[in-house]
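Everything on this sheet refers to the single structure shown next.
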Amino acid sequence: MIKIDTQSVDFYYGDFHALKNISMQIEANTSVAFIGPSGCGKSTYLRLFNRMNDLIPGTRLTGSICIDGRNIYDKGEKVDQLRKNVGMVFQKPNPFPKSIYENVAYGLRVNGVKDESYIEETVVKTIKQVALWDEVKEKLRESAFALSGGQQQRLCIARALAISPSILLMDEPTSALDPISTGKIEDLIHELKMQYTIVIVTHNMQQAARVSDKTGYFYLGELIEYDNTRKIFTNPEKESTQNYITGRFG
Ligand SMILES: Nc1ncnc2c1ncn2[C@@H]1O[C@H](COP(=O)(O)OP(=O)(O)OP(=O)(O)O)[C@@H](O)[C@H]1O
Ligand SMILES: [Mg+2]
């Protein structure tokens with residue numbers, strides 16, 4: 001089943017043409033990695049999936065992006081509904097200045113959930129889901145800032161998952177983490193893609209190879225090649241892809 005269907009997308013920051021004629025289909029319950037040199041448009045494209053670029057003045061989009069068959073840019077589409085369905089995790093862990101528990105409960109509370117026992121059940125379930133439970137179960141009421149960077153990032157993933165999205169966007173989620181924390185997040189991505197569709201931007205080629213089913217290689221705002229990850233990393237069609245994955249530039 002196609003989860004995200006992008007057709008002929010062009011995107012502009014003012015006069016700057018940041019994404020050029022991108023078409024791509026992402027299947028449900030798979031993980032897709034975006035790779036490419038700095039400034040090629042990976043984050044810009046990722047942010048289109050939950051309309052994060054709407055907040056930037058002077059931007060313009062043409063073409064269509066459908067999620068579950070609906071164009072998310074159609075008039076009348078509700079952005080808050082969209083963002084419930086499409087969660088996001090950023091490069092630097094960004095927990096709120098609240099307790100571990102309240103970080104995960106936050107999304108439920110802002111969505112009007114009042115049932116405390118349901119909130120508690122969800123918080124516990126979600127913290128277990130991100131394999132953080134054993135590390136935090138004794139200190140759920142302590143500040144999230146007391147956690148390590150890797151724990152904070154897993155907490156941010158839990159916060160995103162608590163409101164039951166079906167898509168999880170991750171923009172370089174491990175670039176600020178040590179190798180062990182990175183490994184834990186990569187293991188988690190393997191687990192999560194059974195239930196979620198995951199799109200991850202990464203500069204780490206090994207990471208793309210380890211965690212993704214398909215990989216898209218971007219260069220100067222164009223999607224140069226999009227294929228099975230194994231194919232991209234062993235036998236890409238385009239010379240530009242080959243040059244990038246072998247480290248000849250970027
Ligand atoms: N808010 C903005 N206003 C104007 N131009 C922007 C804005 N954000 C990004 N750009 C430009 O759009 C292009 C793509 O940027 P983007 O952040 O999507 O690249 P990226 O592939 O994610 O790079 P990196 O790997 O460094 O994160 C760049 O040339 C960038 O300068
Ligand atoms: Mg980026």
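For the reader, a short list of remarks on this structure follows.
- 18 Å Cα-Cα reach of residue 114 towards aspartates and glutamates, excluding residues that sit fewer than 8 places from it in its own chain: 102
- Mean projection area, nm², convex hull over Cα of the stretch 5-66: 4.3
- Take the Cβ atoms of residue 109 and residue 238, set R0 to 51 Å, and the FRET efficiency comes out at 0.60.
- When peptides 159-166, 73-80 are sorted by average Cβ neighbour count within 10 Å, with the highest value leading, the order is 159-166, 73-80.
- Excluding ligands, DNA and RNA, the accessible surface per residue across the chain is 47 Å² with a 1.4 Å probe.
- Share of carbon and sulfur in the accessible heavy-atom surface of the chain [1.4 Å probe, %]: 49
- GNM flexibility winner over the chain from 102, 225, 121 (Cα, springs under 10 Å): 121
- Amide H to amide H distances under 5 Å link residue 89 with 169, 170, 171, where only residues 5 or more positions off or on other chains count and H is placed in the peptide plane.
- Hydrodynamic radius of the chain per Kirkwood, over alpha carbon pairs, in Å: 18.8
- Averaged over residues, the count of other Cβ atoms within 10 Å places the peptides 87-93, 65-71 in the sequence 87-93, 65-71, highest first.
The values are calculated or read from the model by the stated rules, or taken from the named source; none is laboratory data. Predicted, not measured: the structure shown is a model, and the values here were computed from it. Counting neighbours? That spans all protein chains shown, and the Cβs are built from the backbone with ideal geometry, glycine included. The area values use the complete protein model at the heavy-atom level, side chains included, leaving out ligands, DNA and RNA. Shrake-Rupley method; radii C 1.70, N 1.55, O 1.52, S 1.80 Å.
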